[in-house]
Each structure stands twice: as structure tokens, then as C-alpha cells.
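Some notes on the structure that comes next.
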Amino acid sequence: MAAQDLFSFQGKVYLAQRQPNGKPGPLRWVGNAPQLQLALEVQNSDKTESFSGNRMLYGRLVQSKTANVNLTLDEATPENLAEGLYSIPATLPAGAISNELLPPGLKANDLIALDRGWISELSLTDSATPPVTVPAANWWTESASSGLIGLRNVDGLTQPFKATYQHGETVNIALLNSPPPERMLFLDGINTVNGRRAKVTLYRVAFNPIEQLDLISEEWGSLQLSGAALFDETRALDPSLGGFGRIEMVRA
């Protein structure tokens, strides 16, 4: 051992869907990940002796072994969010909405949320026969991305109003709408002290839902994922692989 064996690791973290045959599917780089931690833990049942008069520790039975994983992600991509929200991102294509009914009884200065966001080419009509186009001066777009509009003047018009508009393509990330994902995790690491490379593989990782997602904050946002490496009985048969994962380092 020498000073060049000191370590401070960085690297790229990849996640992959575990295939039925135990192999990884296509790998996905999660982007900047400032922290990846592996915390090993055992649960013991201790036995003390009863013959010396001092009740000294006499035996220890290992009851369980666990490998906990903590991963911090800095980039709020749909795929990263889905990991912590138990979701499968779904693309909602761009399109057009015709005659979407707005709430009845609207008054001046009311704000309304349309069904879709990223709107354009918006027009409003009322429910008269034949319908009357609501003048553009009578309403405004509060937020095109959120599909929010406001009304300035509703006098002389028949409610409910109807909205016709174009909307953009979006990625939908529903909360808690899929089973907990099981991933294979890879770290392509580098020891920044000596430049040596290292590879870490965890065969079966199950993340918990994120405990907190800062939707408004004065600081940089991050996704704090925590979970556990699960036991892989097929790889455990090979002592060079182990049941949870392995660290590979080139021989210096």
C-alpha cells in the first residue's frame, strides 16, 4: 500500500432494465450523479456465555445481510423522475382540441385551466345559436405551457364557453402508476487520485419512491433515490460474482 492507493471516486452511473434471463437490457446514463453510496449491514443474534460469571460474548449468529443503495441524481429527465415516482413515461402526441367546454358561470378576471398545455391558435366561442366568437380582447393567455387563460369581459355572451386550440407533444409522468422497477446498476468509475479505473455492478436494485421532490426551491434540485440491492441466486453460485454485486479493479 502507498499514497497512490488513496481514493476518491467519480464516474458515470448507468441503469438497465433486468431481462428475464438475468442480463441487462440497454443501458441508460443517468447524467450527473454526485453521490452513489453502498451501505452493507448485517443483523446479528448474539449469545453470551453463562459459566464465567461475566456474561461474555460467546457466539454470534448472522441472521440477515443487506446491501443498501443511495443514489443522487442532478438531472430531472423524464426517465430519472420515473425511477423515483414509480412511473413509466408516456408520450402524449401533439394535436388539436375542438369545443372544449369551460366551467359555467365564469366572471371577469377568472382563470381557467384547459385540459392540455403548450397551447397555440386558441379561440373561444360561446353557446349561443349560432355560436358567437369571444373577442380576443375579452380574454388573455396566462400561461401557454400550463394551458391557463383568463377572462376580461363576459358580458353579453352565452355560457358555457368553448375552447378550440392546438397543443404540443408532452411526456406524461404519472405518480405511482407502475410496480417498483428492478434495475441493474453499473458504475464506470475513476479514482481521481491515481487515474485508475474501476467497475461496480449491482445485479438487482429496487429503489424506494423518492421521499421528497422539491418543486420550488432556492437551491439546485436533486433526486435522492434510496433502495436495496437484492440477492441474485443465479450469480451467487459463482463465487467470483457474488449474490449482490461486485467491484472490479485492474491489477496495478
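Stokes-Einstein diffusion for the stretch 1-115, with the hydrodynamic radius set to the Kirkwood value over Cα pairs and evaluated at 10 °C in a medium of 1.306 mPa s, equals 74 µm²/s. Annotation: for a label point projected 7 angstrom from Cα along Cα→Cβ of Leu92, residues of the stretch 139-169 with backbone N closer than 18 Å are 142-149, 163-169. Give the distance, in whole Å, between the Cα centre of the stretch 152-213 and the Cα centre of the stretch 51-111. First find each Cα centre; the distance between them is then 9 Å.
For Lys162, the lysines whose Cα comes closer than 30 Å to its Cα, not counting residues fewer than 8 places off in the same chain, are Lys107.
Which number comes out as Rg/Rh for the stretch 156-252 once both Rg and the Kirkwood Rh are worked out on C-alpha atoms? Don't jump to the answer; show the numbers that get you there.
On the way: Rg = 23.2 Å, Rh = 18.5 Å.
Rounded to two decimals, Rg over Rh is 1.25.
Per the Debye formula on identical point scatterers at the alpha carbon atoms of the stretch 1-66, with no solvent, log10 I(q)/I(0) at q = 0.13, 0.23 Å⁻¹ is -0.75, -1.02. Its relative contact order, with pairs defined as Cα atoms under 8 Å and 6+ residues apart, puts the chain at 23 percent. Below 25 Å, Cα to Cα, which lysines can Lys65 reach? Residues fewer than 8 away in the same chain don't count. Filter leaves Lys23, Lys47, Lys199. Which value, in nm² and rounded to one decimal, describes the direction-averaged projected area of the C-alpha convex hull of the stretch 126-180? Value for the stretch 126-180: 5.9 nm².
Per-atom-type breakdown for the chain gives carbon and sulfur 54% of the accessible area (1.4 Å probe, protein chains only). Here the extension length gained between Thr77 and Asn109 equals 8.0 nm, from 0.36 nm per residue of separation less the Cα-Cα distance. Across every direction, the projection of the convex hull enclosing the Cα atoms of the stretch 167-211 has a mean area of 6.3 nm².
Per residue, how large is the accessible surface of the chain? Use a 1.4 angstrom probe and give square angstrom. Write down the numbers at each step before the final one.
Working: 16060 Å² over 252 residues.
The answer is 64 Å² per residue.
Largest accessible area first, the residues Val200, Val193, Val250, Val69 order themselves as Val250, Val193, Val200, Val69 under a 1.4 Å probe with ligands, DNA and RNA left out. Kirkwood hydrodynamic radius of the chain, from the reciprocal of the average inverse Cα-Cα distance over all distinct pairs: 23.3 Å.
The values are calculated or read from the model by the stated rules, or taken from the named source; none is laboratory data. Please read these numbers as outputs of a predicted model, since none were measured by experiment. So basically every Cβ, Gly included, is an ideal-geometry build from the backbone, and we count neighbours across all protein chains shown. Only protein heavy atoms, including side chains, enter the accessible area calculation; ligands, DNA and RNA are left aside. Shrake-Rupley method; radii C 1.70, N 1.55, O 1.52, S 1.80 Å.
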